[in-house]
1. Mind checking which of Gln176, Met126, Met31 is farthest towards the positive end of the chain's charge dipole, using Cβ charges of +1 (Lys, Arg) and -1 (Asp, Glu) about the Cα centre?
2. What FRET efficiency, computed as 1/(1 + (r/R0)^6) with R0 = 30 Å and r the Cβ-Cβ distance, is obtained for Ala150 and Gln123, rounded to the nearest 0.05?
3. What 222 nm value per residue comes from the helices of the chain, counting each DSSP H run with n ≥ 4 as -39,500 (n - 2.57) and dividing by all residues, nearest 500 deg cm²/dmol?
4. With every protein chain left in place and a probe of 1.4 Å, what is the accessible surface of Arg91, to the nearest 10 Å²?
5. Please give the helix 146-169 orientation as an angle from the longest Cα principal axis of the chain, in degrees from 0 to 90, rounded to the nearest 10.
6. Grab the beta carbon distance between Gln79 and Leu50, set R0 = 41 Å, and tell me the FRET efficiency rounded to 0.05.
7. Once fully extended, how much extra length lies between Lys195 and His115, figured as 0.36 nm per residue of separation less the alpha-carbon to alpha-carbon distance?
8. Using a Förster distance of 30 Å, how high is the FRET efficiency between Lys170 and Ser136, based on the Cβ-Cβ distance and rounded to 0.05?
Amino acid sequence: MQSYGDETRPPAALSLPSRIVIGVAACAGAMIVAIHLAMMFLHVAPQNTLSKGQGNLISDYVYPEYEQNWKLFAPNPLQQNIDVQARARLRAPDGTTLTTGWTDLTARDGRSIHHNPLPSHTQQNMLRRGWEFFLSSHTAQNGPLGMRGALSERYIRRIVAQRMGAEWAKGGRIEQMQVRSVTTAVAPPPWSTEKISAKPMYRVLPWWQVTADDLPKGAKNQ
């Protein structure tokens, strides 16, 4: 209630057009939420007639922005930090060869989304999913398992070239690149008696030749 001197008046009622607009917006919002929840339910639920028949539609909606990762939860939560790093061999204009230092691409991803309230799912997970794809399609000795192995190598190579190509090209022509992962265990909580080694584990891949097709358009390999 609003008071004006000795006179008390009720707040003015919304006009009919305003009520219509609010009602339509509320219905649209409820419908969007319902569709989103239905899509996520069909994505995570066991396969059924509807999810089988509409699998492509569901996947197109979920990936990449709404992908679900259950490694956060029991009984086997992820207890490691995995950083993907890369370096390159460059041919300088005078003909000498230069090997760059290692660049932590995972750390760069972390900094780019830090304090961002609405980071892109693709921005967060492209490198991680690419690395998981590589691991699942290679032996422990980094040997490719069929066509998926070769495809994953090309995918990783192009992710790295997209992010580092322009920077590396300033030092000369990019001839080769090398990728490695650094895995460190997450320290247990203070109350835990679990003993975990803090020593990082490295998985170093062989040197890969870099072609013009690997590099983004902005990175000229002269």
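1. Gln176
2. Working: r = 26 Å, r/R0 = 0.87.
With R0 = 30 Å, the Cβ-Cβ based efficiency is 0.70.
3. Details: 6 runs with 91 residues, N = 222.
Result for the chain: -13500 deg cm²/dmol, rounded to the nearest 500.
4. 80
5. Orientation of helix 146-169: about 90 degrees from the principal axis.
6. Details: r = 36 Å, r/R0 = 0.88.
The calculated FRET efficiency here is 0.70.
7. Working: separation 80, 0.36 × 80 = 28.80 nm, distance 3.27 nm.
Value of the extension gain: 25.5 nm.
8. Values: r = 34 Å, r/R0 = 1.15.
The pair Lys170/Ser136 has a calculated efficiency of 0.30.
The values are calculated or read from the model by the stated rules, or taken from the named source; none is laboratory data. Note that the coordinates shown come from a computational prediction; the quantities given were computed from them, not determined experimentally. Using ideal geometry, Cβ is built from the backbone for each residue, glycine included, and neighbour counts are taken over all protein chains shown. For accessibility, only protein heavy atoms count, side chains too; no ligands or nucleic acids. Shrake-Rupley method; radii C 1.70, N 1.55, O 1.52, S 1.80 Å.
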